[in-house]
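Everything on this sheet refers to the single structure shown next.
Where a number appears in this text, it was derived from the coordinates with a stated rule and is not lab data. Bear in mind that the values here come from a model prediction, so they are computed numbers and not experimental data. Glycine also receives a Cβ, built like all others from the backbone with ideal geometry; neighbour counts cover every protein chain displayed.
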Amino acid sequence: LTRCAATVEAVDAAQARANVMPGLWGGDRASSSQRARTGTHSTRAVLDALCLYMAQAAQLTVEADVRRISADTGYGRTTVHEALRRLATPTDEASPESAWIVREGTPEGAHAQRYRLSQKFSTGTQASNRTQVLARPRAALPLQARTHHIARLAKNLQALAHDAFTAPHSLGRTTGLVYKYVDEGSVVTVDELTRSTGLDAARTRTALRTLHAHG
């Protein structure tokens with residue numbers, strides 16, 4: 001239960017930080033130099049996939065290969081590999097923990113690379129002790145939060161990876177991105193969608209019209 005609580009709190013922190021930085025994930029249409037400095041929607045999808053695996057395993061360190069992440073996000077292996085590289089690149093070269101994720105060890109045999117969230121998302125000893133104290137009267141809370149994360153992240157990734165948005169001649173990834181945020185239920189206006197997706201209002205409205213036309 002303590003391990004589950006620590007995992008949930010770290011995933012909470014990573015997701016909260018990612019949510020308040022929508023511009024970081026809106027660089028898909030940017031220049032090559034800008035994409036090198038920031039991220040793309042695929043980068044956020046890969047981060048969400050890793051957070052999902054951590055919630056499922058109730059572990060802060062998980063083993064994940066490019067093939068699995070590609071299948072779960074709908075992005076190609078090259079795109080996933082680049083997203084992992086971006087997420088593991090520190091913003092401060094002197095501090096590996098300034099990255100979003102950290103690689104642990106090297107893959108051996110049939111094992112894939114192991115990843116964990118940066119320590120900046122860890123709740124630390126104080127929060128861990130608090131969790132242990134609260135675990136007796138409110139033991140179900142970390143488990144409920146874990147279930148919530150698994151359901152939400154899996155639902156979002158399923159929407160992004162759906163053939164309706166990823167297959168050739170489909171509705172397209174931009175439409176799929178807008179659908180993901182609409183399907184979450186918390187974003188209801190064009191202005192909120194543009195902030196969350198990084199898309200401009202015209203492309204957002206086009207995606208909404210497409211979704212409406214296809215039911």
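List of remarks:
- Spin-label model, ALA88 to GLU104: label points 7 Å out along the Cα-to-beta-carbon direction sit 1.4 nm apart.
- Spin-label model, ALA164/ALA213: points 7 Å from Cα along the beta carbon direction are separated by 1.5 nm.
- Each residue of segment 145-151 is assigned a 3J(HN,Hα), and the resulting list reads 5, 4, 4, 5, 4, 4, 5 Hz, derived from the Karplus form 6.51 cos²θ - 1.76 cosθ + 1.60 (θ = phi - 60°), x at Gly and Pro.
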